[in-house]
Amino acid sequence: MAKTHVSTIINGEPVEFLCEPQQTLLDVLRDELGLTGSKEGCSSGDCGACTVICDGNMVCSCLMLGAEAEGRSITTVEGVAQGDHLHPVQQKFLEHAALQCGFCTPGFIVAAKALLDENKNPTEEETRYWLAGNLCRCTGYDKIVRAVLDAAAVMRAEAAE
Amino acid sequence: MSYLDKDALKVVGTRPIRPDGVDKVTGRANFGADMTMPGMLWGKIKRSPHAHARIVSINTDKALTLPGVKAVTTRADFPDIPPEKRVLGAAPANLWDLSRNCMAKGKVLYEGHAVAAVAAVSPAIAEQALDLIEVEYEVLPHIMDVEAAMAPDAPILHDDIFTAGIEPRPTKPSNIAKVVRFAKGDVEAGFREADVIIERRYTTKPVHQAYIEPHACLVSVAPDGQTTIWSSSQGQFMVRGYTSRIVGADIANIRAIPAEIGGGFGGKTIVYLEPLAYMLSKKSGRPVKMVMNREEVFRATGPTSGAVVEVKIGAKKDGRITAAQTVLKYQSGAFPGSPVQQGCICGLAVYDLPNALTIGYDVLCNRPKVAAYRAPGAPIGSFGVESAMDELAHELGIDPLKLREINGAKNGTKAAHGPTWVNIGYQQTLEATKAHAHLKTSLGPNQGRGIASGYWHNAGGESSAACHVNEDGTVTVTEGHPDIGGSRASMAMMVAEVLGVPFETVRPVVGDTTAIGFSASTGGSRVTFAGGMAVTQAAQKVVEELKKRAAITWDISPDAVEWKDGKAYPAGANAGSFEPLDLTAIAGKSARTGGPISAEVQINAQGQGPGFATHICDVEVDKETGQVKILRYTAIQDVGRAIHPSYVEGQMQGGVAQGVGWALNEEYIYDKDGKLENPGFLDYRVPVASDMPMIETVMVEVPNPRHPFGARGVGEVPIVPPMAAVANAIADAIGVRLRDLPMSPPRVLAALDQVEPMRQAAE
Amino acid sequence: MPNLSFTAPTTVDEAVRMLAGGAGLAKPLSGGTDLLVQLRSGRMRPEAIVDIKRIPGLIGIREEAGEFVIGAATPGVMLSAHKAFEHAWPGIVEGADLIGSQQIQGRASLAGNLCNASPAADSVPAMIAARATCVIAGPNGRRTAPVEAIVIGPGRTSLEKGEFIVEFHVPKPKPHQSDAYLRFIPRTEMDIAVVGCGVNVTLDGNGVCTDARVVLGAVAPTQVIVEDAAKALIGHRLDEITNAALDAAAQRACKPITDKRGTIEYRTKVAGVLARRAAKLAFERAGAR
């Protein structure tokens, strides 16, 4: 089966890869590019562990073909922190103990970042509905929601400075 | 030495950032499926499409000729395990059953049962090869329902299983693998004394642990048998031991490396993939990676039992219970071993019962073999008992919380299953419940409030720990338990407390099976208790060694040195006058005072201390659609001592959310052929973020004196009360009692439809 | 999938050629949120996947000749971000917005939701209720069809080989016209509709209904236009008697099945409930205009 050559941008860096037609973006990230931060929990778009941002929209990388990435710009969990400077969402997840096993965490981090990129001051309800596509079985969501709301507050304060 | 005085603690009880946290928020942490090896192959499993069938033949020839396929394995490659080798150490699993669960022998016993596996150069080729494996089946009648499976004429799963626990030993094989029974006093006499008797029947459906990380492993077997297993599990020593027996290898030849684990909740306390990957690697000579997809996780890994729970409770008008009896029938799935015994114990353990009887049936059926799920068995029995208590309270006209105060277990109470309680905190959870602001808020129309309690006995057992003082004065602590929810943090905190050093200077590591002594699995809420005891003892030994080294430096007796706030001091004026030596100073000179400073400890921890909890739940019911919304939830629990309070709260909140899912929407749905209809997160409905409110927590601290810091297990008891708390709240909201889980919208609406006409007629 | 091909044409004609060209199954790919699941599970084994998103106009919303024209592959997030469209047809946006999670919204399209041909598709009832049409390109050129003509049964559409939907046309609402879509799911998010109901009403200045369309989802093999429900509304205000007639008409129109998501009895009863609740919303919205 003929492989497709794809040129794309991942976490700000130009990347080229070859992929088979049925390979998802998640397959490519994990198995071809060694970016294993995005997790595979269901392969059906129901758990959100593979969430990435594609041209500004968050998507499940398990529901996008690798070949579709041609010319797009993708942000994965590996691209959320700037060097050794954690994103406020990451910092607040740590401070609020918003993770237990940590497997769903990359998807939540990306989804929360996408939320705060779009909405600087989300309510608890908006946050919960935005994150409804990210399953967490450990935390009961309480500390995750608190972490995201706190990160939003920090980002608002930083923006006001 | 103990550290029970909370006021004297500097690190324990604070909320530092977990040592493995940055890895997990940046995507660096490596879970089961994240590892690769050069030359690695991909393994996939051929599974049974039938619920019950005899395997007539398996032909793998075509699959083997597909280019890219490097190995195929079937049952023929796996050894039979003789009776004397079916149990390993103190581990509970029957390894012969487990072996046949990993790879069917003779018969498939549930849809999804593994019959063959292939390894190929890509996942796509491995998938293709599965289609080329030809399996001929003779389909047999299957049995799914627990009571139908108990009937004398039911299709029998195993013709060599005769009901254990009854005398005389039966002569006919049965699907009832075991009967358990606990009794105290005389229940018949107790029921005769009662003014009111409640007798009810409750049912629950199988529910899955639904950890988000599917099972995954990478196994490399060298030609000389030296083996590396990288896998996600609740115990690297479990993986090593179980795999060794199932494949017929020596334990010493296997090095099991614990990957980060993406949730387990009991479901990863056994193996599914590792023996198959081992066999494929052995046959192909290459490393083999196997990763389940979500469908496989649902079809072939452990849910917990669906069950029937019959409860009878008698009480005097003043609320004193005179007798209680439960009969529990639990599905075990394809092999014996449901958690029915724990269900029998835990349901009644909350109360001081003069007369009690509980009988449990462990029942085989054509479903995946159940696996442990958070407080295995307890939530099922307790759903019945705690619902019946609410019904009793209603019948007696006594407040449900008051009824629990009257009958609740206290220190000195002899539990129905035998032990006499010491140092338990159940009554304290009731006091905290009574005092909580939640109970003082008012409710609107179609809203209701329920309370329920729960008990879990927690576990101790075998743990190893090592504490190494590094040359620069930092400390490495190695534990033998996979960190499933933040235990690295609590281990490092206890060590930092004992050594008197900052938390940040202690680096915790989960060791592989060659790096640390044997440790039982992460499960039974045992790690902070038993693992914590081990690391504390290791740190205490290090302190003794540090004192010795200071003594050598000062040329005084070690008895004349005391360790305080991370420094060695001369113990009083007689010891001499020396500048204190801190850990860094002593570590820097350790080569001159006797060499490296380390301690390793192995223990079999006892005295874990039981856990009790009481929950309050408010719901609102949409009477036109039957939908139940959780409005407010408060979990109150005796946690002994919260080492890292945030992670204790997290355990409580997580348990509640799982319990709410169990209560409202989670269930296995099978068609008439015994095929699972909802093997995915779309229709197996775990709670999502928008389903839940914030979950308030109250940590009652009744220290467990058997642990140096007073800790008791905290992870499991919070899943015990929620189902009854929700059911009791629904009953309060709409006046209708739901006794069958899940209390999904169609069930709630059907229940309302039944009573509404009666109610209207009455009006 | 040894022979699967992937192409991403940039013109409609090219896409038609690729979809019509081979002997085997060829699938247009827009959001892929259903297609990729089916591909992964092996339920669908196409020979060619044709990504239509790089064709100009296939993504985006424009207003022309008194209509909204929505590119077939426009993802949900763009639909809900389009203020004029959301204002015009809140019910359609509600329906599209209910398809899956925010992640799914980043990809899922109206055409995909329609052509997946699930009776439970959330965006379809309100589109039918709004009398939306679609433009279909195929080997014989372009044709227009009402949305309700596309799905002919679960998983089956009236599209011929080589045909795919290019765009949707939705008329602009008349004065005092508005819509609503409600669905019932067991959780608050992430489920497939057990019942869905789109209601589109036009009122006169006194709040009396002059035109209505009520469409149910997930209660029959395809979406159901409930004529009796529209009749129950037209000529009436939304009072108790009208509501009862609407509820009864909706229930009568149901021919559901019992499956893992709901029983016949449950679906039927909830269809009536949702019809009432969606009508209430639609009347309020229309009245406020």
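The values are calculated or read from the model by the stated rules, or taken from the named source; none is laboratory data. Keep in mind it's a predicted model, so treat the numbers as computed, not measured. In this analysis, Cβ positions are derived from the backbone assuming ideal geometry, glycine residues included, and neighbour counts consider all displayed protein chains. These accessible areas exclude ligands, DNA and RNA; they are computed on the full protein's heavy atoms, side chains included. Shrake-Rupley method; radii C 1.70, N 1.55, O 1.52, S 1.80 Å.
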### Query
Filter region A:120-135 for residues that are within 13 Å of chain C (Cβ to nearest Cβ) and in contact (Cβ under 8 Å) with a residue 12 or more places away in the chain; which is surrounded by the fewest Cβ atoms within 10 Å (Cβ to Cβ)?
A:PRO122
#### Entry: Answer residue from region B:17-76, given it is in a loop (DSSP other than H, G, I, E, B) and either touching a helix residue (DSSP H, G or I) at 6+ places or on another chain (Cβ under 7 Å) or of a type in the set (Phe, Trp, Tyr) (or both) and is nearest to the other protein chains (Cβ to nearest Cβ) among those
B:GLY27
### Task
Return yes or no: is B:GLU667 of a type in the set (Asp, Glu) and in contact with a helix residue (DSSP H, G or I) (Cβ under 7 Å, 6 or more places away or on another chain)?
no
### Query
Between residues in region C:158-187 that are at positive phi and residues that are open to solvent by 40 Å² or more (accessible area, probe 1.4 Å), which pairs lie under 6 Å by C-beta distance while being six or more apart or on different chains?
C:GLY162/C:PRO139; C:HIS176/C:ARG289
### Query
Looking at B:GLN627, B:GLN651, B:GLN658, which is the one that is open to solvent by 20 Å² or more (accessible area, probe 1.4 Å), touching a residue at least 24 places away in the same chain (Cβ under 8 Å) and facing chain A (nearest Cβ under 10 Å)?
B:GLN651
## Note on the structure
Cβ pairs under 7 Å, 6+ apart or interchain, first in region B:19-34 and touching a residue at least 24 places away in the same chain (Cβ under 8 Å), second assigned to a helix (DSSP H, G or I) and among the acidic types (Asp, Glu), ordered by first then second residue, are B:ALA29/B:ASP23
### Query
C:GLN103 is checked against (1) within 14 Å of another protein chain (Cβ to nearest Cβ); (2) more than 19 Å from C:ILE59 (Cβ to Cβ) and fails just one. What number does that condition carry?
(2)
### Message
Of the conditions (1) outside the structural domain of C:GLY138 (by TED's automatic domain parsing); (2) polar (S, T, N, Q); (3) surrounded by fewer than 24 Cβ atoms within 10 Å (Cβ to Cβ), C:SER80 satisfies every one except a single condition; which number is it?
### Response
(1)
### Message
Tell me yes or no: at least one residue of region C:264-287 is open to solvent by 60 Å² or more (accessible area, probe 1.4 Å), modelled with pLDDT under 95 and more than 9 Å from chain B (Cβ to nearest Cβ).
### Response
no
### Task
Look at region B:481-502 and say how many of its residues are open to solvent by 20 Å² or more (accessible area, probe 1.4 Å) and within 14 Å of chain A (Cβ to nearest Cβ).
2
### Task
Kindly indicate whether B:VAL561 is hydrophobic (A, V, I, L, M, F, W, C) and touching a Gly at 6+ places or on another chain (Cβ under 9 Å).
no
### Message
Take the residues in region B:104-141 that are touching a helix residue (DSSP H, G or I) at 6+ places or on another chain (Cβ under 6 Å) and among the hydrophobic types (A, V, I, L, M, F, W, C); name whichever of them is nearest to B:PRO79 (Cα to Cα).
### Response
B:ALA117
### Task
May I ask you to list pairs of residues, at least six apart or on different chains, whose Cβ atoms are under 7 Å apart, with the first in region A:66-77 being closer than 16 Å to A:GLN22 by Cβ and the second being open to solvent by 10 Å² or more (accessible area, probe 1.4 Å) and not small (Gly, Ala, Ser)?
A:GLY66/A:GLN23; A:GLY66/A:ASP27; A:ALA67/A:THR4; A:ALA67/C:PHE6
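Going by the conditions given, is C:ILE257 without any contact (Cβ under 8 Å) to a residue 12 or more places away in the chain, open to solvent by 40 Å² or more (accessible area, probe 1.4 Å), of a type outside the set (Lys, Arg) and in contact with a helix residue (DSSP H, G or I) (Cβ under 8 Å, 6 or more places away or on another chain)?
It is true that C:ILE257 is without any contact (Cβ under 8 Å) to a residue 12 or more places away in the chain, open to solvent by 40 Å² or more (accessible area, probe 1.4 Å), of a type outside the set (Lys, Arg) and in contact with a helix residue (DSSP H, G or I) (Cβ under 8 Å, 6 or more places away or on another chain).
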### Task
Give the residue that is farthest from the other protein chains (Cβ to nearest Cβ), with candidates limited to residues of region A:63-76 that are under 14 Å from the mean Cα position of the chain (by Cα) and open to solvent by 10 Å² or more (accessible area, probe 1.4 Å).
A:SER73
### Summary
Of all strands (runs of 3 or more DSSP E) fully inside region B:277-375, the set with 2 or more residues that are closer than 22 Å to B:VAL720 by Cα is B:307-315, B:321-333, B:356-364
### Task
Show the residue pairs that are 6+ apart or on different chains and have beta-carbon atoms under 7 Å apart, the first residue being within region B:43-64 and more than 19 Å from B:HIS158 (Cβ to Cβ), the second being of a type in the set (S, T, N, Q).
B:ILE58/B:THR74; B:THR60/B:THR74
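Okay, residues lined up against (1) over 20 Å from the mean Cα position of the chain (by Cα); (2) without any contact (Cβ under 8 Å) to a residue 40 or more places away in the chain; (3) surrounded by fewer than 24 Cβ atoms within 10 Å (Cβ to Cβ):
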site: B:THR227; (1), (2), (3): yes, no, yes
site: B:SER233; (1), (2), (3): no, no, no
site: B:GLN236; (1), (2), (3): no, no, no
site: B:TYR242; (1), (2), (3): no, no, no
site: B:ALA249; (1), (2), (3): yes, yes, yes
site: B:ALA256; (1), (2), (3): yes, no, no
site: B:GLU260; (1), (2), (3): no, no, yes
site: B:GLY266; (1), (2), (3): no, no, no
site: B:THR269; (1), (2), (3): no, no, no
### Task
Please go through region B:454-463 and pick out each residue that is surrounded by fewer than 24 Cβ atoms within 10 Å (Cβ to Cβ) and over 30 Å from B:MET723 (Cα atoms).
B:GLU462
### Task
Specify which of the listed residues (C:GLY155, C:GLY91, C:GLY138) is open to solvent by less than 30 Å² (accessible area, probe 1.4 Å), closer than 28 Å to C:PRO46 by Cβ and among the small types (Gly, Ala, Ser).
C:GLY138
### Summary
Considering region B:661-687, residues that are among the aliphatic types (A, V, I, L, M) and out of contact with any His (no Cβ under 9 Å at 6 or more places or on another chain), and then whichever is farthest from the other protein chains (Cβ to nearest Cβ), we arrive at B:ALA663
### So B:ALA119, is it out of contact with any His (no Cβ under 7 Å at 6 or more places or on another chain), buried (at least 20 other Cβ atoms within 10 Å of the Cβ), away from chain C (no Cβ under 14 Å) and under 30 Å from A:CYS19 (Cα atoms)
yes
### Task
Select from region A:77-93 the residues that are at the interface with another protein chain (Cβ under 7 Å from one of its Cβ atoms) and open to solvent by less than 10 Å² (accessible area, probe 1.4 Å) and write down the one among them that is nearest to the chain's Cα centre (by Cα).
A:VAL77
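Test of understanding: among A:LEU116, A:LEU149, A:LEU99, which residue is touching a residue at least 24 places away in the same chain (Cβ under 8 Å) and buried (at least 24 other Cβ atoms within 10 Å of the Cβ)?
A:LEU99
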### Message
Is it the case, given these coordinates, that B:GLU562 is open to solvent by 30 Å² or more (accessible area, probe 1.4 Å), assigned by TED's automatic domain parsing to the domain that holds B:GLY500 and not in a helix (DSSP H, G or I)?
### Response
yes
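Residues that are within 26 Å of A:ARG128 (Cα to Cα) and touching a helix residue (DSSP H, G or I) at 6+ places or on another chain (Cβ under 7 Å): find the strands (runs of 3 or more DSSP E) completely inside region C:174-238 holding 2 or more of those.
Numbers: elements: C:177-184, C:195-203, C:209-217.
Once the strands (runs of 3 or more DSSP E) in region C:174-238 are filtered for at least 2 residues that are within 26 Å of A:ARG128 (Cα to Cα) and touching a helix residue (DSSP H, G or I) at 6+ places or on another chain (Cβ under 7 Å), what remains is C:177-184, C:195-203.
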